[in-house]
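**Student:** Please read through the structure below; I'll follow up with questions.
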Amino acid sequence: MHESLAEYYDLRLGLYDTCLAIIFFAIIYIFAFHFKKSKISKNPEYKYFILGLTMKVIGGFSFATLTVYYWKGGDTLSYYKAATDLSNVLISNPIRGIELLFTSIKDFDVTRDHFHPYAVDFINDKDVLLLVKITSLLNIIGLYSYGTTTVLFASISFVGLWMAYSNLCKIYPKFSKHLLIGFFMTPSIIFWSSGVLKDTITMSCIGWVMYSFSNILFFKHKVIISILLVIISSIIIFILKPYILYILIPCMLIWTQSHLKNLIKGSFIRIVLVPIIIVLFLSLTTLIIRDISAAAGKYDLNKVETTLEGFRSWHGYLAKTQDQSGYTLSSTDFSPLGMIRMLPEVLNVTFFRPYLSEIRNMPTLIGAFESVILLLFTLYLILTRRGGFFKLIFYNKDIRFMMIFAISFGFIVGISSYNFGALSRYKMPAQMFLILALTLIHKLTPNKHFIKK
């Protein structure tokens with residue numbers, strides 16, 4: 001192997017990439033404009049459709065630029081380089097290429113397919129392989145341009161999140177402008193969920209799951225399609241980041257249970273049926289999580305301490321050797337009581353750090369400013385709403401679902417990241433739901449919204 005890793009990662013966003021990306025975005029923009037025009041009369045939130053798409057594409061291209069010229073490597077370029085090799089096979093030998101697209105990681109052998117040795121070493125697990133397959137197809141559509149492939153990734157992420165945003169706006173039509181912040185106006189979220197990354201796809205899938213559940217629960221339409229979307233999105237999340245499902249599925253079932261409970265009229269019937277519903281949903285959640293865990297490989301719940309220790313060691317190493325901002329926790333006791341003790345410190349790390357004094361690189365700077373704003377906004381709501389802050393969380397099922405997800409997922413990523421660069425990516429789902437929950441708490445009037453909505 002004569003080529004160094006630096007030479008392998010040597011990629012430029014030249015005139016071809018930039019111009020082609022602009023052309024692709026213009027084409028997508030034209031379709032988006034006409035789609036918005038067809039929807040806006042019945043869906044007022046579509047006045048923000050182009051803005052949301054634009055923010056995602058800007059985030060994606062910003063990420064691509066930093067990847068090429070600042071980091072000069074990393075997982076993103078590894079995905080793209082390996083995907084380019086697969087794209088070449090698909091073009092030169094379509095039958096073999098299609099065969100590889102449907103090959104599992106266990107049987108994925110490309111020694112005779114002119115894959116670069118670095119790519120062969122990189123494709124070492126099913127999550128990597130799936131993203132390489134997705135990227136290879138988008139790379140062909142994008143005419144072998146890293147810039148256009150990024151635009152397509154950003155657009156895919158946008159569509160899933162937009163569907164969730166649109167349905168949430170139908171539940172809270174007066175707050176469409178404010179809900180936009182959590183989905184499309186938080187810098188770190190649009191930055192880390194718009195490039196060639198697993199996070200881009202998983203965030204889109206989370207959006208589709210939320211959209212589908214709200215279709216079934218609130219709007220009672222497109223039920224069959226929504227069930228299929230939940231299944232497909234869950235499978236993709238399971239392959240790419242199965243630990244997301246450990247929190248997402250129970251929270252979605254809690255959301256469902258809360259909705260069903262509110263549909264039950266009559267005190268006696270409620271007293272009899274509600275405990276039965278809760279027991280059924282707890283049993284269903286346990287069975288689902290057990291089955292997911294059994295097939296999750298390194299993310300098996302029985303291996304959680306080993307996996308977390310591996311994450312902690314690796315991210316700690318990066319913090320020491322690659323000038324990444326690291327952090328430590330005062331305790332790593334994973335017993336139930338130990339985790340309860342750790343909760344305040346871990347949530348502080350996840351949502352309110354890095355502090356401005358902990359900045360060591362440009363990406364961390366964005367996260368630090370966001371953390372300060374989020375901390376001040378949270379304190380403002382607690383101090384001004386007082387008891388109303390917690391009453392809204394308790395009584396409003398949508399806020400309750402978002403808060404449970406944000407706290408649970410925020411805890412998991414907080415105890416596993418150990419550097420703020422990784423944490424910025426991992427915490428995106430929790431951060432999004434926390435911002436959405438705080439936005440609703442801010443906009444809803446407590447005295448009128450202690451409704452079991």
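**Student:** Rounded to whole Hz and in sequence order, give me ³J(HN,Hα) for region 117-124 from the Karplus expression 6.51 cos²θ - 1.76 cosθ + 1.60, θ = phi - 60°, writing x for Gly and Pro.
**Tutor:** Running phi through 6.51 cos²θ - 1.76 cosθ + 1.60 with θ = phi - 60° gives x, 5, 5, 4, 5, 6, 7, 10 Hz.
**Student:** Towards the positive end of the charge dipole of region 1-241, with charges on Cβ (+1 Lys, Arg; -1 Asp, Glu), say which of Ser41, Ile190, Tyr69 has the farthest Cα.
**Tutor:** Of the options given, the answer is Ser41.
**Student:** If you don't mind, there's one more thing I want to ask. By the scheme Lys and Arg +1, Asp and Glu -1, what is the net charge of all other residues having a beta-carbon under 15 Å from that of Pro187? If you can, show how the numbers build up before the last one.
**Tutor:** Details: positive: Lys56, Arg425, Lys427; negative: Asp199, Glu370.
So the environment of Pro187 carries a net charge of +1.
**Student:** Measure off 7 Å from each Cα along the Cα-to-Cβ vector at Leu379 and Asn361, then give the distance between these two points in nanometres to one decimal.
**Tutor:** Going by the 7 Å Cα→Cβ label model, 2.9 nm.
**Student:** Oh, and also: Sort the following peptides by mean Cβ neighbour count (other Cβ atoms within 10 Å, averaged over residues), highest first: 395-406, 214-225.
**Tutor:** On the way: 395-406: 22.1, 214-225: 13.9.
Per-residue mean Cβ counts within 10 Å order the peptides as 395-406, 214-225.
**Student:** Label-point separation (nm) for Val120 and Ile231, each offset 7 Å from Cα along Cα-to-Cβ?
**Tutor:** Once both label points are built, they end up 3.8 nm from each other.
**Student:** Quick one, what does Rg over Rh come out to for region 1-241 if you take C-alpha atoms and the Kirkwood Rh? Before the final figure, lay out each step's value.
**Tutor:** Working: Rg = 18.8 Å, Rh = 18.9 Å.
My calculation of the ratio gives 1.00.
**Student:** For Ser4 and Phe31 in one chain, what is 0.36 nm times their gap in residues minus the Cα-Cα distance, to one decimal in nm? Present the calculation step by step, with values, prior to reporting the outcome.
**Tutor:** On the way: separation 27, 0.36 × 27 = 9.72 nm, distance 4.23 nm.
Length difference between fully extended and current span is 5.5 nm.
**Student:** Also, quick follow-up: Between Ser41 and Ser62, take the C-beta separation as r, use R0 = 41 Å, and let me know the FRET efficiency to the nearest 0.05. Display every interim value, and only then the final one.
**Tutor:** Working: r = 34 Å, r/R0 = 0.82.
Efficiency computed from Cβ-Cβ geometry: 0.75.
**Student:** When ranked by the protection proxy of mean other Cβ atoms within 10 Å per residue, highest first, what sequence do the peptides 363-370, 204-211, 107-114, 242-249 form?
**Tutor:** Details: 363-370: 18.6, 204-211: 25.4, 107-114: 11.9, 242-249: 21.0.
Per-residue mean Cβ counts within 10 Å order the peptides as 204-211, 242-249, 363-370, 107-114.
**Student:** Here's something else I'd like to know. Using amide H atoms built in the peptide plane, which far-off residues or other-chain residues are under 5 Å from Asn419 H to H?
**Tutor:** When sequence neighbours closer than 5 places are left aside, the close amide H contacts are Tyr327.
**Student:** Moving on to the next point. Once phi is turned into θ = phi - 60°, what whole-Hz ³J(HN,Hα) does the Karplus curve with 6.51, -1.76 and 1.60 give for every residue of region 156-163, x standing for Gly and Pro?
**Tutor:** 4, 4, 4, 4, x, 5, 5, 4
**Student:** Output ³J(HN,Hα) for region 401-411: one whole-Hz value per residue in order, computed from phi by the Karplus curve 6.51 cos²θ - 1.76 cosθ + 1.60 with θ = phi - 60°, and x for Gly and Pro.
**Tutor:** Per-residue couplings from phi come out as 4, 5, 5, 4, 5, 4, 5, 5, 5, x, 5 Hz.
We did not get these values from a lab; they are worked out from the coordinates using the rules stated. Note that the coordinates shown come from a computational prediction; the quantities given were computed from them, not determined experimentally. Note that we place each Cβ from the backbone using ideal geometry, even for glycine, and neighbour counts take in every protein chain shown.
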